[in-house]
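Peer 1: Structure incoming, see below.
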Ligand code: CP
């Protein structure tokens, strides 16, 4: 296949394995471009991209903006705070007004699961999901997969553990299908109240004991407790969560294995992950952020070829 099978990037579960491989191969080329003194290519010179962030973001927003600039696209940036959304404007009206200014692609983050899919059915522009509610965060899944691939050379047969608030995590929502499609084995660990009931139907196993789960894995992706998505109490306290599910140096030193540690950010240091692990040589966290730019360049470039 010469291009992507999809016109939009809404979810990893929509992608073929060959799509993911193509994105990884293209990102590798763009990573080389990013090492050059002149880090810019003219690939998207005639394309206008709107970055619509209806929910807070640091990494994803900056990473998309930088990826677009490196590809020479024209960009406009919108955040819901300070916009007419506060005056009651609907999502569709907001986006249609922006599209009236002749926008080709929309990168969107929204707190409602399904918002990018809804838009893709109502507007002509191509949509890239930058994280929707508790559903998916596909470019995070891609950059996580690419970072592990760089480290291990292959994802096939790798033991990939995701620790924490799986129930509310769009990162888990994208990492799980990506890792499974690429041949890794996936396990989750966390309090039973934060594990979806259907997890085993996805082909993912559950281990409630953190030490046993860590002994099994090659890579552990540590997630934040997403209090902003909880309408009820799922854990007694953050202190208790940290005691049973926090990843710390003493715990890792008690395991006779050099595990690679990942985190999508933002980190709540001292809750799910201690600083002496997050900032150690075992950590892939800043490589994840670096790879995010090349992955997003690859996604934008490949989707632009599908207009
Ligand atoms: N990983 C991630 O999505 O971070 P931001 O919320 O800062 O974009």
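Peer 1: If I take every Cα pair under 8 Å that is 6 or more residues apart in the range 131-258, average their sequence separation and divide by the length, what percent do I get for the relative contact order? Could you put the intermediate results ahead of the total?
Peer 2: Numbers: 197 pairs, mean separation 33.9, N = 128.
Computed over the range 131-258, the figure is 26 percent.
Peer 1: Cα extents of the range 138-288 along the three principal axes, largest first, in whole Å?
Peer 2: Result, largest extent first: 40, 34, 26 Å.
Peer 1: Take the alpha-carbon centre of the range 112-135, take the same for the range 139-161, and report the distance between them in whole Å.
Peer 2: 25
Peer 1: Now, a different point. Return the distance in nm (one decimal) between the two label points of a simple spin-label model at residue 275 and residue 156, each offset 7 Å from Cα along Cα→Cβ.
Peer 2: In this crude spin-label approximation the distance works out to 4.3 nm.
Peer 1: Something else: Where does each of 243-251, 277-285, 229-237, 57-65 land if you order them by average Cβ count within 10 Å, highest first?
Peer 2: Highest mean packing first, the order is 57-65, 277-285, 243-251, 229-237.
Peer 1: Right, here's the next one. Among DSSP bridges having both ends in the chain, what percentage is antiparallel? Round to the nearest 5.
Peer 2: Within the chain, antiparallel bridges account for around 5 percent of the total.
Peer 1: Another question, then. With contacts defined as alpha carbon pairs under 8 Å and 6 or more residues apart, what's the relative contact order of the chain in percent?
Peer 2: Numbers: 569 pairs, mean separation 64.0, N = 307.
Averaging sequence separation for qualifying contacts and normalising by length gives 21 percent for the chain.
Peer 1: Going by Cα centres, the range 218-286 and the range 1-69 are how many Å apart?
Peer 2: 28
Peer 1: Another question, if that's okay. Can you pull the one-decimal nm distance between simple spin-label points at residue 58 and residue 46, each 7 Å off the Cα toward Cβ?
Peer 2: Between residue 58 and residue 46, the simple spin-label model gives 3.9 nm.
Peer 1: What FRET efficiency comes out for residue 253 versus residue 123 if R0 is 35 angstrom and r is the Cβ-Cβ distance? Round to the nearest 0.05.
Peer 2: Values: r = 52 Å, r/R0 = 1.50.
Computed FRET efficiency for residue 253 and residue 123: 0.10.
Peer 1: Now for a different question. Volume per residue, Å³, of the convex hull around the alpha-carbon atoms of the chain?
Peer 2: Working: hull volume 42.0 nm³, N = 307.
Enclosed volume per residue, from the Cα hull, is 137 Å³.
Peer 1: Next question. Give the angle, between 0 and 90 degrees and rounded to the nearest 10, that separates the Cα long axis of helix 59-70 from the longest principal axis of the Cα atoms of the chain.
Peer 2: 40
Peer 1: Using label points projected 7 Å from each Cα along Cα→Cβ, tell me how many nm separate residue 18 and residue 228, to one decimal.
Peer 2: Result for the modelled spin labels: 3.9 nm.
Peer 1: Further question: Volume per residue, Å³, of the convex hull around the alpha-carbon atoms of the range 1-102?
Peer 2: 139
Peer 1: I've got another one for you. Using 1/(1 + (r/R0)^6) with R0 = 30 angstrom and r between the beta carbons of residue 237 and residue 25, what's the FRET efficiency to the nearest 0.05? Could the numbers behind the result be given before it?
Peer 2: On the way: r = 46 Å, r/R0 = 1.52.
Step by step, r from the Cβ atoms, then E = 0.10.
Peer 1: Related question: Only helical DSSP H runs with n ≥ 4 go in: add -39500 (n - 2.57) per run for the chain, normalise by residue count and round the 222 nm mean residue ellipticity to 500 deg cm²/dmol.
Peer 2: The helix-only estimate for the chain comes to -11500 deg cm²/dmol at 222 nm.
Peer 1: Report, to the nearest 10°, how far helix 285-304 tilts away from the longest principal axis of the Cα atoms in the chain, using its own Cα long axis and a range of 0 to 90°.
Peer 2: 30
No value in this document is a laboratory result; all are computed from the given coordinates. The shown structure was predicted, so the numbers you read here are calculated from the model rather than taken from an experiment. Heads up, the Cβs are rebuilt from the backbone with ideal geometry, glycines too, and the neighbour counts pull from every protein chain shown.
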